[in-house]
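The values are calculated or read from the model by the stated rules, or taken from the named source; none is laboratory data. Every value quoted in this text rests on a predicted model; they were computed, and no experiment measured them. We place every Cβ from the backbone using ideal geometry, glycine too, and count neighbours over all the protein chains shown. These accessible areas exclude ligands, DNA and RNA; they are computed on the full protein's heavy atoms, side chains included. Shrake-Rupley method; radii C 1.70, N 1.55, O 1.52, S 1.80 Å.
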Amino acid sequence: MNRKDFASLLLLAMTWGASFLFMRIASPELGPVFTTELRVSLAAAALLLYAALTKRPLEIWKHWKPFLLLGAINAALPFTLICIAELELSASLAAILNATTPMFTALAAWGVQQEKPGAARMVGLIAGLGGVAVLVGFSPVPLEGTVVLSVLASLGAALSYSFGGLYAARVGRGLEPLALAAGQQLGAAAALLPLAVFFLPHALPSAATVFSVLGLALLCTSAAYLLYFRLMRSVGPVKTVSVTFLVPVFGLLWGALFLQERIYANTVAGLVIILLSVGLVNRKPRREASGRLDEAQNAGYKARR
């Protein structure tokens, strides 16, 4: 990986890490459902505009049913769950919990495809659970009912991403990554719209919230996806997915810098354990049979961001 590609990878991680900051700002004011609806709608519009300007046919309408389901489970549901979680949790904690997605992907592949994760991945799964326990169990924040439910919502988002990645790997074969991303955002917007009309905000948003929603849609979803696409072509999927290790680090950094979130010893310890577990889960398998899991993880990143 040359300097330009490494800089692009860092920029991608910085951008995706900032999504947790933006959701932490926008969700309390607009509500989780309406925040997500604005994010996916604006992102879809931006991606469609980019496709039109570059004259790239997407043929989204031919696959509207798979895109509707993909958008629901790989964008609308997890984005909303993270927004719900961040009503109580800090942006940094939500970012670290979301790093468990590869672990859930391994479990989902085991349950859906009967694909055994192997010894290294099993150790990674167990270590990841231990990291979550350290992150949450030793936190100075009291584990009250709302906090526990918020942690479960954040982990539920990671679980939703895992099934979304498996589904994206199946329906995305033969489709351009840009079509997959734009189609998913459109599907998410359509799936969430009937619910969003019941959760309209009661007051005009503040300037910080407006900029946060624009950042979520245009930077963290549309622009970040285009950067991801360039990296996929330049360095390949294996190196690009290493962004998994950097996103929670930047989520932790942005929360501390811009929201004055405190960093505790258990936060750093939990982050390190979870990232080590992700390294084991992402370890390249020896047998080709496990390639479906890697494909699911890569497809999930292509589509959901």
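The set of residues in segment 248-266 being of a type in the set (A, V, I, L, M), over 23 Å from residue 130 (Cα atoms) and open to solvent by less than 60 Å² (accessible area, probe 1.4 Å) consists of 256, 259.
Here is a yes/no grid of residues against (1) among the aliphatic types (A, V, I, L, M); (2) assigned to a helix (DSSP H, G or I); (3) closer than 28 Å to residue 235 by Cβ:
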| position | (1), (2), (3) |
| --- | --- |
| 8 | no, yes, yes |
| 23 | yes, yes, no |
| 33 | yes, yes, no |
| 46 | yes, yes, yes |
| 64 | no, yes, no |
| 67 | no, yes, yes |
| 70 | yes, yes, yes |
| 75 | yes, yes, yes |
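Of the candidates 68, 49, 58, 77, the single residue that is surrounded by fewer than 24 Cβ atoms within 10 Å (Cβ to Cβ) and under 15 Å from residue 225 (Cα atoms) is 49.
Against the condition modelled with pLDDT under 95, of a type outside the set (Val, Ile, Thr), under 30 Å from residue 266 (Cα atoms) and in a helix (DSSP H, G or I), how does residue 12 come out, does it pass? The answer is yes for residue 12.
When you look at residue 210, is it more than 19 Å from residue 76 (Cα to Cα), at pLDDT 95 or above and surrounded by 15 or more Cβ atoms within 10 Å (Cβ to Cβ), yes or no?
When the stated conditions are applied, residue 210 passes them.
For every residue, the table says whether it meets (1) among the aliphatic types (A, V, I, L, M); (2) within 20 Å of the chain's Cα centre (by Cα); (3) under 20 Å from residue 94 (Cα atoms).
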site	(1), (2), (3)
109	yes, yes, no
118	no, no, no
121	no, no, no
133	yes, no, yes
137	no, no, yes
144	no, no, yes
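Tell me, yes or no, whether segment 110-126 has at least one residue that is within 30 Å of residue 60 (Cα to Cα), aliphatic (A, V, I, L, M) and surrounded by fewer than 22 Cβ atoms within 10 Å (Cβ to Cβ). Within segment 110-126, one or more residues are within 30 Å of residue 60 (Cα to Cα), aliphatic (A, V, I, L, M) and surrounded by fewer than 22 Cβ atoms within 10 Å (Cβ to Cβ). Just one of the listed residues (179, 168) is closer than 25 Å to residue 218 by Cα, in a helix (DSSP H, G or I) and touching a His at 6+ places or on another chain (Cβ under 9 Å), and it is 179. Among the residues of segment 52-62, count how many are part of a helix (DSSP H, G or I) and either over 23 Å from the mean Cα position of the chain (by Cα) or more than 22 Å from residue 171 (Cβ to Cβ) (or both). Residues flagged as part of a helix (DSSP H, G or I) and either over 23 Å from the mean Cα position of the chain (by Cα) or more than 22 Å from residue 171 (Cβ to Cβ) (or both) within segment 52-62 amount to 4.
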